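Student: Mind looking over this structure? Questions follow.
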There are 2 protein chains.
Amino acid sequence: MSTTDETRAARPAGRPRSARAEQAIIDATLDLLGEGMNIAELSIEAIAARAGVGKTTIYRRWANKEDLCVDALARLKSPLPELRGESVREDLVAYFEVVVRDSCDARRRCVMSIVMNDAERHPRLVERVRQALIEPRREVLAAVLRRGVATGELRADLDLPVVMAALIGTVTWYMRDAGSDGTAESPAGIAERIVDQLLAGLAPTA
Amino acid sequence: MSTTDETRAARPAGRPRSARAEQAIIDATLDLLGEGMNIAELSIEAIAARAGVGKTTIYRRWANKEDLCVDALARLKSPLPELRGESVREDLVAYFEVVVRDSCDARRRCVMSIVMNDAERHPRLVERVRQALIEPRREVLAAVLRRGVATGELRADLDLPVVMAALIGTVTWYMRDAGSDGTAESPAGIAERIVDQLLAGLAPTA
DNA sequence: CGTTTTCGATACGATTAAGTTTCGCAACGT
DNA sequence: ACGTTGCGAAACTTAATCGTATCGAAAACG
């Protein structure tokens, strides 16, 4: 039919928007956030400079800084960990190996910091990140625990809220300490060590 | 000798600085930080307004915002938890009951948020808080664990770094979740629940 | 070609806050 | 009384950054 048919949607007249510019803007945003900026400090001018783009090009696409951040953070979604379901221990280790690996990526690490700190200042953004990134993973983890209780691999009287906090909090806290030290390399077996320690408990087996 | 002798140090001439103003400034700073401001957002003007004080009075005492925050945060030191040393379980519960109670105080909660987020931007401040507030408590906790291993109340093969992260991370994470919910009241026995759950482990006693 | 829209650059006005200075008054010692 | 210093209020300078507007060039279309 027509000479160019890449998109069916009737292309609006004029020069099309550059996909490269859009990606560069998103990348620059995530890079700057990953370097430790919070949303308040993140400046559109800095994003434009880093992306090699005019501010106009940003404001043509997003109404304001928050909208841009919402879009940028939503693209961080990494695939949910694939669990084999053979045993609870194996699933937990696999799950937290993904968490440990993700927590070595500055871009992903900054998400948690934003969620934990900017909840009041940017409720829309935080809520969207929570729905898109956090809740699905929480649900996967909770399902593993429930299944473990059902199969008898875990104690029947598990205090679910406490155990969720124990697993996530331990890994998160450990990785934070490890990150602040020079120990940038994530020790290979850390997920395994944490899961085994928590499964076994601190008290000696009587 | 002299008519007024409150301080031996030869009092410099002129009107003495108002201790009330100083305290009001510190209080205003901690209040504003406790309301969720980070250091960048904290404005000297807001502090002066809240404290009912002129900006001059602030700059006469502290060279800049960071120095003021260093002083203000250093005053948050609450006494180290007093441990009876009868049993490891009892000490851990007592220790974390203090942590839980402190984590309900906005002023104290903001310290952790600053330490975790502004480490790169304000290394002096964070380092001082770490030395003054965090390390002593870490050491108390580590001592309890080491003693427990020695007395046989804890497993001999404890993975100390992991266990430290497990205890602190679990309590911190649980309180954060609890805080974001409406559950502002800290459930009375939460420290006990967490300690017992971690001592017993997740696996059923074989 | 001519039209339309985007491109990056740059200038602009508005706002916010840091940190300094000035001012008139208050509090202290001598 | 007098000199010195602190006090709060206000004006000021400097600097960032937001979001908008304007510009000439470029990229698509017919």
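The values are calculated or read from the model by the stated rules, or taken from the named source; none is laboratory data. This structure is a prediction, so every number in the text was calculated from the model and none was measured. Glycine gets a Cβ as well: all are built from the backbone with ideal geometry, and neighbour counts include every protein chain shown. In case anyone asks, the SASA skips ligands and DNA or RNA and just uses the protein heavy atoms, side chains included. Shrake-Rupley method; radii C 1.70, N 1.55, O 1.52, S 1.80 Å.
Student: Please compute the average number of Cβ atoms from other chains found within 10 Å of each residue's Cβ in peptide A:187-194.
Tutor: Averaged over the peptide's residues, the number is 2.
Student: Stretched out fully, how many nm does the piece from A:THR56 to A:VAL140 gain, at 0.36 nm a residue minus the Cα gap?
Tutor: The span from A:THR56 to A:VAL140 would gain 26.1 nm if fully extended.
Student: If the cut-off is a Cα-Cα distance under 17 Å, which lysines reach B:LYS55, setting aside same-chain residues fewer than 8 apart in sequence?
Tutor: Cα-Cα hits under 17 Å: B:LYS65.
Student: Rounded to the nearest whole Å³, what is the per residue volume of the convex hull around the Cα atoms of the protein assembly as shown?
Tutor: Expressed per residue, the convex hull around the Cα atoms of the protein assembly as shown is 214 Å³.
Student: Report the equivalent ellipsoid semi-axes for the stretch B:1-150 in whole Å, largest first, defined as the square roots of five times the eigenvalues of the gyration tensor built from alpha carbon atoms.
Tutor: 35, 22, 13
Student: For chain B, with only Lys/Arg (+1) and Asp/Glu (-1) charged at the beta-carbon, what is the dipole magnitude about the Cα centre, in debye rounded to 20?
Tutor: 940
Student: Inter-copy label distances at B:GLU135, 7 Å along the Cα→beta-carbon direction, one decimal in nm, shortest first?
Tutor: 4.4
Student: In whole angstrom, note down how far apart the Cα centers of the stretch B:30-55 and the stretch B:136-171 are.
Tutor: First find each Cα centre; the distance between them is then 38 Å.
Student: Turning to a different aspect of this structure: Is there a quick way to get the dipole size of the stretch A:14-86? I mean about its Cα centre, with the Cβ of Lys and Arg at +1 and of Asp and Glu at -1; what is the value in debye to the nearest 20?
Tutor: It comes to approximately 460 debye.
Student: Per residue of the stretch A:94-103, what does 6.51 cos²θ - 1.76 cosθ + 1.60 with θ = phi - 60° give for ³J(HN,Hα)? Whole Hz please, x for Gly and Pro, Karplus curve as stated.
Tutor: Couplings: 4, 4, 7, 5, 5, 4, 4, 5, 4, 6 Hz.
Student: Just the number, please: carbon plus sulfur as a percent of the accessible area of the protein assembly as shown, 1.4 Å probe, no ligands or DNA/RNA counted.
Tutor: Ligands and nucleic acids excluded, carbon and sulfur reach 53 percent.
Student: If you don't mind, another one. Where a Cα-Cα gap under 15 Å defines reach, which aspartates and glutamates qualify for B:LYS77, not counting those fewer than 8 residues away within the same chain?
Tutor: Answer for B:LYS77, where 15 Å is the Cα cut-off: B:ASP27, B:ASP102, B:ASP105, B:GLU127, B:GLU135, listed by chain and number.
Student: Which value, in square angstrom to the nearest 100, describes the accessible area buried between chains B and A on both sides, using a 1.4 angstrom probe?
Tutor: Roughly 3900 Å².
Student: Within 10 Å, count the other beta carbons around each residue, average over each peptide in B:74-82, A:161-169, B:108-116, and list them highest first.
Tutor: Top to bottom by mean Cβ count within 10 Å: A:161-169, B:108-116, B:74-82.
Student: Work from the charge dipole of the protein assembly as shown (Cβ charges, +1 for Lys and Arg, -1 for Asp and Glu, about the Cα centre) and give the residue of B:VAL93, B:ALA191, A:TRP62 farthest towards its positive end.
Tutor: A:TRP62
Student: Enter the mean number of other protein chain beta carbons within 10 Å of the beta carbon of each residue in B:156-164, as an integer.
Tutor: 5
Student: Can you give the accessible area per residue of the stretch B:49-141, in Å², using a 1.4 Å probe?
Tutor: Result: 52 Å² per residue.
Student: Which of the peptides A:194-205, B:135-146 is most tightly packed, and how do the rest follow, going by the mean number of other Cβ atoms within 10 Å of each residue?
Tutor: Going from most to least packed, we get A:194-205, B:135-146.
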